[in-house]
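A.B. asks: So that we are looking at the same thing, I have put the structure below in structure tokens.
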Amino acid sequence: MRIAVIGAGNWGTGLAIIAARAGHDVSVWSRNSAVVASINGTHTNSAYLNGASIPETVRATENIGDALKRAELVILAAPSHATRAILQCMRTLLPPDSIIVSATKGIEIESGKRISQVVADVMSEAVAAPFVCLSGPSFASEVVAHHPTAIVAASENSAAARVVQSELSFENLRVYTNDDLVGTELGGSIKNVMAIAAGMVAGLGFGSNSGAALITRGLAEMTRLALHEGAKLETMMGLAGLGDLVLTCTGSLSRNRFVGEELGKGRTLKEITAGMHEVAEGINTTRAVKELAGRLFVEMPITSEVYAVLYEGKPARDAASELMRRPLRVEAN
């Protein structure tokens, strides 16, 4: 197939590598001229996923129209805060009969909308394409290093989900399908908030008891919001929910966990992000989830405390104490 990857960060680059290994014709768009030159000149991405060899069949371009030309799968792999503007550029260039595949894990801050809803906002009915969300526990560097990995392609269009499953499943990457777009998108987004919280636990010097409690109650919190929005419980217990949560909360490669760890050690958010090369989606997603939960009257105490640390200057230790002082209740709530 002809596949366009929109965004050349870690995961976009990783998906381009996997797709090319599977024999597809891959074009990558990036607005970063140095990244484009690196991919085309040395078959590496010196800015992201450095050290991974990119197949020579992958071509990079700064022209989004060139990247989209004749594309059958269009993979969105840019940060969530940039997605709407990128879609507006794509609107008149999207090839007919293409499938939009979102590999972006985030919620738009201004609207509280999931990526599928942002796509629906921007794309008119005349250019509407089937939408598939690709999510699950998947550090890009491990995928390209041939570590066995399982993810989910979720869509309300079962045929489109099966196409993505068939074309991206290759060697060490196994793609499952489901029809729960809401749960898959929310699980992949909210787990980043919980990863920041898990990082705080580690940064404060707390041990395994604390980490396990955080992940478990984080899953309960994620599930509470997702079910309110119409998601399925099975999704939250699967790869896009529990699986992605465990990876992001415990994995040393998690940018969101790193942010939390540094906050737990007493550094400010400004200091932390100044030294980061790639976006930690959980920072923006925390704002979006807190506002969404507030509008829906869904209780999300961990999210509220992460928000207070990120945006109100609350010390991480005080946030942890606040959670422990909450009124006692039955576990199912």
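The values are calculated or read from the model by the stated rules, or taken from the named source; none is laboratory data. Remember, predicted model here, so these are calculated numbers, not experimental data. Cβ placement follows ideal geometry from the backbone for every residue including glycine, while neighbour counts extend to all protein chains displayed.
A.B. asks: Pick from Ala198, Ala212, Ala153, Ala161: which is in contact with a helix residue (DSSP H, G or I) (Cβ under 9 Å, 6 or more places away or on another chain), at pLDDT 95 or above and in a helix (DSSP H, G or I)?
C.D. replies: Exactly one residue qualifies, and that residue is Ala198.
A.B. asks: State whether the residues of region 77-91 include one that is crowded, with 17+ Cβ neighbours inside 10 Å, of a type outside the set (Asp, Glu), at pLDDT 95 or above and over 22 Å from the mean Cα position of the chain (by Cα).
C.D. replies: no
A.B. asks: Pairs only if they're at least six apart or on different chains, beta carbon under 6 angstrom, first in region 129-145 and within 16 Å of Val118 (Cα to Cα), second part of a helix (DSSP H, G or I) and aromatic (Phe, Trp, Tyr); list them, first residue then second.
C.D. replies: Going by the 6 Å Cβ cut-off, there are no qualifying pairs.
A.B. asks: Give Ser189, Ser158 a once-over and let me know the one that is in the same structural domain as Thr286 (by TED's automatic domain parsing), in contact with a Ser or Thr (Cβ under 9 Å, 6 or more places away or on another chain), among the hydroxyl-bearing types (Ser, Thr, Tyr) and in contact (Cβ under 8 Å) with a residue 12 or more places away in the chain.
C.D. replies: Only one candidate passes the filter, namely Ser189.
A.B. asks: State all residues of region 34-58 that are farther than 19 Å from Ala140 by Cβ and surrounded by 13 or more Cβ atoms within 10 Å (Cβ to Cβ); if no residue qualifies, say none.
C.D. replies: Within region 34-58, Ala37, Asn40 qualify.
A.B. asks: For region 40-54, state whether one or more residues are of a type in the set (A, V, I, L, M, F, W, C), in contact with a Lys or Arg (Cβ under 7 Å, 6 or more places away or on another chain), in a loop (DSSP other than H, G, I, E, B) and not assigned by TED's automatic domain parsing to the domain that holds Glu281.
C.D. replies: No; the residues of region 40-54 include none that is of a type in the set (A, V, I, L, M, F, W, C), in contact with a Lys or Arg (Cβ under 7 Å, 6 or more places away or on another chain), in a loop (DSSP other than H, G, I, E, B) and not assigned by TED's automatic domain parsing to the domain that holds Glu281.
A.B. asks: Would you mind telling me which numbered condition in (1) under 21 Å from Gly14 (Cα atoms); (2) polar (S, T, N, Q); (3) in the same structural domain as Leu269 (by TED's automatic domain parsing) Ser166 fails?
C.D. replies: (3)
A.B. asks: Something else now. Answer with yes or no whether Ala67 is in contact (Cβ under 8 Å) with a residue 60 or more places away in the chain and assigned to a loop (DSSP other than H, G, I, E, B).
C.D. replies: Considered against the rule, which asks whether it is in contact (Cβ under 8 Å) with a residue 60 or more places away in the chain and assigned to a loop (DSSP other than H, G, I, E, B), Ala67 comes out as no.
A.B. asks: Within region 253-264, does at least one residue satisfy the condition of being part of a helix (DSSP H, G or I), surrounded by fewer than 23 Cβ atoms within 10 Å (Cβ to Cβ) and in contact with a strand residue (DSSP E or B) (Cβ under 8 Å, 6 or more places away or on another chain)?
C.D. replies: No - not one qualifying residue is present in region 253-264.
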